[in-house]
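Report on the following structure.
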Amino acid sequence: VDVAKVYSSAVIPAAATAVWSVVRDFNALPNWTPFVADSRIEQNRPSDQIGCVRNFRLKDGGRIRERLLALSDYEMSFEYSILESPMGVENYVATFRLIPVTDLDHTFAEWTAEFDAAPEREDGLVQSIGQNVFAVGLGALKARFAR
Amino acid sequence: LRVEIRRSTVIAAPIDDLWAILRDFNSHALWHPAVAASAVEAGEAADQVGAVRSFRLKNGSRIREQLLFLSDLKRSFGYCILEAPVPLRDYVAIVRLRPVTAENSCFWDWRASFNPPDAERDRLTGFVRENIIEAGFAGMREFLRSGRAVDMRPAMLVPAARAGAEGVEIVLTRYGGPEVLQARVARIKEPGGVEARIRQTAVGVNFIDVYCRRGSFDLVAPGGVLGMEAAGVVESVGADVTNIRPGDRVAYACAPPGAYASMRTMRADFLVRLPEALSEVDAAGLLLKGMTAGFLLHEVAQARTGSTVLVHAAAGGVGQILCRWAKALGAIVIGTTSSEAKAQAARSVGCDAVLVFGDEDLATTVRRLTSGRGVDIVYDAVGRDTFEQSVACLAPRGHLVSFGQASGDVGAHSIDRLANRSATLSRPNYVHYTDTPDKIRAQSDRLFKALESGAVVAARPRTFSLAQAAQAHAELEGRRTTGSLVLIP
């Protein structure tokens, strides 16, 4: 069975440390994405404790629970998996990563995911996650830092 | 303490275009402003893990670097320095490309780490950051802007796995300079009755290709493919082929042109099976030049014990073979070269005397060396610049063999001057000595026997990637080469 893969990336016109300070907080989706209504970390754990679960509601009403699998300030990256969602995906693991663009002092931001889904739904899911979630989220970061 | 440098940029080009250039480990001579010339050693492919690129910087430094890994999936490669004139000790670098999907451009990340002596730390760190990495980013931008990259793109985008009957060939877009050569992807047809399809691993570059490119010879029309010589492995054969089988290592050196390609389908009876001791790269550097030297020395004119022979361009591909072979036949050999550096190469193949062309009047010097008599045979492939002098060097009943025009067409001359010496003039054309399978067999048998006896030695050719055919032509025409040049598909 093929694993579905999603890839989206953008160049953010700001230093990587500045972008990282916004996206590092696993509970901050409502602050920087346009599609999350509210979010909390379950069991009142710190949002940078590996294993913590964010529980958030999309503006369209869907509820998603995701577990933080890895966080590295050195690599400026984090990974998470989906525990519950209305999307019908299995074994969903995503990685968010920032890399400095040194010559402009900008940031390359990359958002990827792999998951299993029913074959007939796979293409649609790759398309909708890539476009409606990752590209929209990265676009919002770009707009936030546009000078 | 190890120095770690990490620099990155965004290039406004699709990632596949940039990766097609970067994945060629030998392409840096085309786009990096610090690199003057580069070649992959031992005729290995530029994407062979472990391949070593040996290159010269514009400041004269020589560096050798080895490819440690290459991943088309991650669009990444790593390499280390084997030899450098500065103490970039334990130097390892990694290049990686990532697509910027939001804008169809490309993020390029280039890291290097090394272990410098303390006293050199700041200087070397600055050198790597500015002169290697940042200069490389700027050079690539310029290379992409110049449009030169477009020529190589289709050639490099063919993944090996898709090779099948699809190949890359170098097309003559019109008559002109090296820039008229362009790579394109082509279908290489299935072999019919008497044909074979060869997966070519080495392609010989010869002056006849330059003449075809300039339009001096009408062997190739624009839109056609240059090249008379290549070696490789037979991939498949037509039903009526009896002389070779798939898997045989073969080479050829004959018309019609069409050798500048990764695969070729052609008449099987013109193919020569290679002796075990001769590698494909060496064969592609030797076969045409060696067979040429063979018929020039044995059929056009006869060099014998005691003959005096003058060989122009004695350090060139054919020149070196002519000199060594003429010596083995017992002749006294005088070579000419265009520079003192090349004179070394001419001496090393056994010339009794080497004259640097342009130093003094050639005919006077040759007469002095031959007690006033002149030489029995002149082998002249230089053409315009040497023709008059060559006639003046001849002994009575001497023979001028004019077999090329590297410096330009010989032009119109009166034959009256030949009467002074009862001289013979020949203008042999390679094609007429190699246009039947029988002639090819006789020529190649003679060459392989001479190779066995040591009268001919297969010199290690200088290699370029097939996509660098134009660069190879420029080097050959610029008289910057000694020995033979081979393109590696």
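The values are calculated or read from the model by the stated rules, or taken from the named source; none is laboratory data. Keep in mind that this is a model prediction, so the values were computed, not measured. All Cβ positions, glycine included, derive from the backbone under ideal geometry; neighbour counts span all protein chains shown.
With respect to B:Ser407, is the statement that it is of a type in the set (S, T, N, Q), loosely packed, with under 15 Cβ neighbours inside 10 Å and not in a helix (DSSP H, G or I) true? Criteria not met by B:Ser407. Here the stretch B:202-225 is the region considered, the condition is being in contact (Cβ under 8 Å) with a residue 60 or more places away in the chain and assigned to a loop (DSSP other than H, G, I, E, B), and the residue that is farthest from B:Gly316 (Cα to Cα) is B:Leu219. Taken across the stretch B:461-468, residues that are touching a strand residue (DSSP E or B) at 6+ places or on another chain (Cβ under 6 Å), in contact (Cβ under 8 Å) with a residue 60 or more places away in the chain and of a type in the set (S, T, N, Q) do occur, with at least one present. Selection of strands (runs of 3 or more DSSP E) fully inside the stretch A:31-147 by the criterion of at least 2 residues being within 14 Å of chain B (Cβ to nearest Cβ) returns A:90-101, A:106-116.
Out of B:Val378, B:Val281, B:Val382, one residue alone is hydrophobic (A, V, I, L, M, F, W, C) and more than 23 Å from the chain's Cα centre (by Cα). It is B:Val378.
For every residue, the table says whether it meets (1) surrounded by 14 or more Cβ atoms within 10 Å (Cβ to Cβ); (2) without any contact (Cβ under 8 Å) to a residue 12 or more places away in the chain.
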residue	(1), (2)
A:Val6	yes, no
A:Phe26	yes, no
A:Pro30	yes, no
A:Val36	yes, no
A:Pro46	no, yes
A:Val53	yes, no
A:Gly61	no, yes
A:Leu71	yes, no
A:Gly88	no, no
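When the residues of the stretch B:447-474 are filtered to those that are surrounded by fewer than 24 Cβ atoms within 10 Å (Cβ to Cβ) and modelled with pLDDT under 90, the one that is nearest to B:Ala36 (Cα to Cα) is B:Arg460. Can you find even one residue in the stretch B:24-42 that is under 27 Å from B:Ala458 (Cβ atoms), in contact with a helix residue (DSSP H, G or I) (Cβ under 7 Å, 6 or more places away or on another chain) and not in a loop (DSSP other than H, G, I, E, B)? Yes.
Would you point out the residue of the stretch B:109-123, among those that are more than 14 Å from chain A (Cβ to nearest Cβ) and assigned to a strand (DSSP E or B), that is nearest to A:Val136 (Cα to Cα)? This residue is B:Ser113.
Among the conditions (1) surrounded by 15 or more Cβ atoms within 10 Å (Cβ to Cβ); (2) touching a residue at least 40 places away in the same chain (Cβ under 8 Å), the only one that A:Glu79 does not satisfy is (2). Could you tell me whether the stretch B:4-16 includes any residue that is under 30 Å from B:Val486 (Cβ atoms), more than 14 Å from chain A (Cβ to nearest Cβ) and modelled with pLDDT under 95? Looking through the stretch B:4-16, at least one residue is under 30 Å from B:Val486 (Cβ atoms), more than 14 Å from chain A (Cβ to nearest Cβ) and modelled with pLDDT under 95. Listed conditions (1) within 30 Å of B:Ala277 (Cα to Cα); (2) part of a strand (DSSP E or B); (3) small (Gly, Ala, Ser) are all met by B:Ala395, apart from (1).
For the stretch B:304-319, state whether one or more residues are within 24 Å of the chain's Cα centre (by Cα), part of a helix (DSSP H, G or I) and within 19 Å of B:Ser390 (Cβ to Cβ). Yes, the stretch B:304-319 contains a residue that is within 24 Å of the chain's Cα centre (by Cα), part of a helix (DSSP H, G or I) and within 19 Å of B:Ser390 (Cβ to Cβ). Annotation note: of B:Ser390, B:Ser402, B:Ser422, the sole residue that is in contact with a strand residue (DSSP E or B) (Cβ under 6 Å, 6 or more places away or on another chain) and surrounded by fewer than 17 Cβ atoms within 10 Å (Cβ to Cβ) is B:Ser422. For the stretch A:4-30, filtering for residues that are more than 16 Å from A:Leu98 (Cα to Cα), within 14 Å of chain B (Cβ to nearest Cβ) and not in a strand (DSSP E or B) leaves 0. Is at least one residue of the stretch B:93-108 more than 14 Å from chain A (Cβ to nearest Cβ) and in contact (Cβ under 8 Å) with a residue 40 or more places away in the chain? No: zero hits.
Checking the stretch B:42-60 against the condition returns no match, with no residue being within 14 Å of chain A (Cβ to nearest Cβ) and free of Cβ contacts under 8 Å to residues at least 12 places away in the same chain. Taken together, B:Val86, B:Val128 contain a single residue that is crowded, with 20+ Cβ neighbours inside 10 Å and either over 31 Å from the mean Cα position of the chain (by Cα) or touching a residue at least 40 places away in the same chain (Cβ under 8 Å) (or both), which is B:Val128.
When residues in the stretch B:63-92 are screened for being within 14 Å of chain A (Cβ to nearest Cβ) and in a strand (DSSP E or B), 1 of them pass. Going by what's in this entry, would B:Ala255 be described as within 23 Å of B:Gly483 (Cα to Cα) and in contact with a strand residue (DSSP E or B) (Cβ under 6 Å, 6 or more places away or on another chain)? The answer is no for B:Ala255.
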